[in-house]
Amino acid sequence: MKKLICIFFILTIPTYKVCLGKKVKKLSSFEVWKKSFIVRAVKRGLPRKFLLKQFKGVSLDKSIIDKDRNQVTASTTINYKKWMKKWVGSKPNRIDKGKIHLKNHRKLLEEIEKKYGVDKEIIVSLWGVETLYGKITGKYKVIRALTTLAFDKRRRAFFENELYSAFKIIHDGHINNKNFLGSWAGAMGQCQFMPSSFLKYAQDYDGDGKKDIWNNKADIFASIANFLKKANWKQSKAIGLLVKGVRRKRFSSDSMRSPAEYNKLGLRNLDGTHLDGNWKRKIAIIKHKNSPMILRGSNYETLMKWNKSSLFAALNIVLMEALK
């Protein structure tokens, strides 16, 4: 009977182990969550012993929660023109470096372009936007970062899945925990895939048995191309056109409009000339101050599957167009 009472209390009071009213051991809410996560991860196929070993010594990083609440792409106070100038950088700037990389890796990029049906310029552009061509890949421990975000309640289900995927990447032998570094949000490698995207899209292009998006250019470029191919990228089509408004006028962003209709609404090319062409497009708004707008092209929605940010789209429009 005493044993049954003990079990009842253990199951009904998640932060304590209690037997006949006597406190035996206090568990923090983090430890309770971790134990629960391990049970669920084991059910999905990962060994319990492996999970316990990988979780050993992993603590929460409160600075990551602050970053999650204050993301650049969601800000309405940043001045677009000043931020863009800093982002492009000084000579040789991000565009100059992109042209050099496009030239140096042309043979490989053309081979991948042909195989996947994805423009080599967007492969280099995404590489440049995400990590400055592999220079800035993140110094956060991916497991710790994802553990923090998974424990946090804002997007727990999403990040629990990413954490499981990260453990699977280690378990499958693509990288070890020690070298598993990335962004504060868990994006990894030179193309900054989230772990779940890695499992879906990463490629072992050179056939060495590993999908190495950290150091292997062939795997990196092919993985970017494979993602875009699966997201329905249309070769030789545009992401969009950057435009500016020459007068204040509110209008719906849901309507398809021709160049003539946008001209009447006061929109112009960035150089001030009138819009022309035989097309109809919707418009996308960038939240930052003094920012242009985007007339959405055939590949805009595809790029949104990579990152749902109009600013992200604008960065790739700027870079991709300069690489052509």
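State whether the residues of the range 11-30 include one that is assigned to a helix (DSSP H, G or I), surrounded by 13 or more Cβ atoms within 10 Å (Cβ to Cβ), over 25 Å from the mean Cα position of the chain (by Cα) and modelled with pLDDT of 75 or more.
Taking the range 11-30 and keeping what is assigned to a helix (DSSP H, G or I), we get 11-12, 29-30.
Remaining after also requiring surrounded by 13 or more Cβ atoms within 10 Å (Cβ to Cβ): 30.
Right, trim to over 25 Å from the mean Cα position of the chain (by Cα) and you get 30.
Of the ones still in play, those that are also modelled with pLDDT of 75 or more are 30.
Yes: the range 11-30 contains one or more residues that are assigned to a helix (DSSP H, G or I), surrounded by 13 or more Cβ atoms within 10 Å (Cβ to Cβ), over 25 Å from the mean Cα position of the chain (by Cα) and modelled with pLDDT of 75 or more.
On the basis of being surrounded by fewer than 23 Cβ atoms within 10 Å (Cβ to Cβ) and within 19 Å of GLY57 (Cβ to Cβ), does ASN216 make the cut?
Details: surrounded by fewer than 23 Cβ atoms within 10 Å (Cβ to Cβ): yes; within 19 Å of GLY57 (Cβ to Cβ): no.
The answer is no for ASN216.
Looking only at the range 181-195, count every residue that is more than 16 Å from ILE224 (Cβ to Cβ) and surrounded by fewer than 23 Cβ atoms within 10 Å (Cβ to Cβ) and tell me the total.
4
Please pick out the residue among MET256, MET320 that is among the aliphatic types (A, V, I, L, M) and within 30 Å of ILE100 (Cα to Cα). Break it down stepwise before answering.
On the way: MET256 fails: within 30 Å of ILE100 (Cα to Cα).
Only one candidate qualifies: MET320.
Identify the single condition in (1) of a type outside the set (D, E, K, R); (2) in contact with a Cys (Cβ under 8 Å, 6 or more places away or on another chain); (3) under 27 Å from ARG69 (Cα atoms) that ILE213 does not satisfy, given that it satisfies every other one.
Here ILE213 clears every test but (3).
One line per residue, one yes/no per condition, for (1) over 17 Å from the mean Cα position of the chain (by Cα); (2) surrounded by 14 or more Cβ atoms within 10 Å (Cβ to Cβ):
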residue	(1), (2)
ALA202	no, yes
GLY209	yes, no
ILE220	no, yes
ILE224	no, yes
ARG250	yes, no
SER258	yes, yes
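The values are calculated or read from the model by the stated rules, or taken from the named source; none is laboratory data. Please read all numbers here as calculations on a predicted model, not as lab measurements. As a convention, Cβ positions derive from the backbone with ideal geometry for all residues, glycine included, and neighbour counts pool all protein chains shown.
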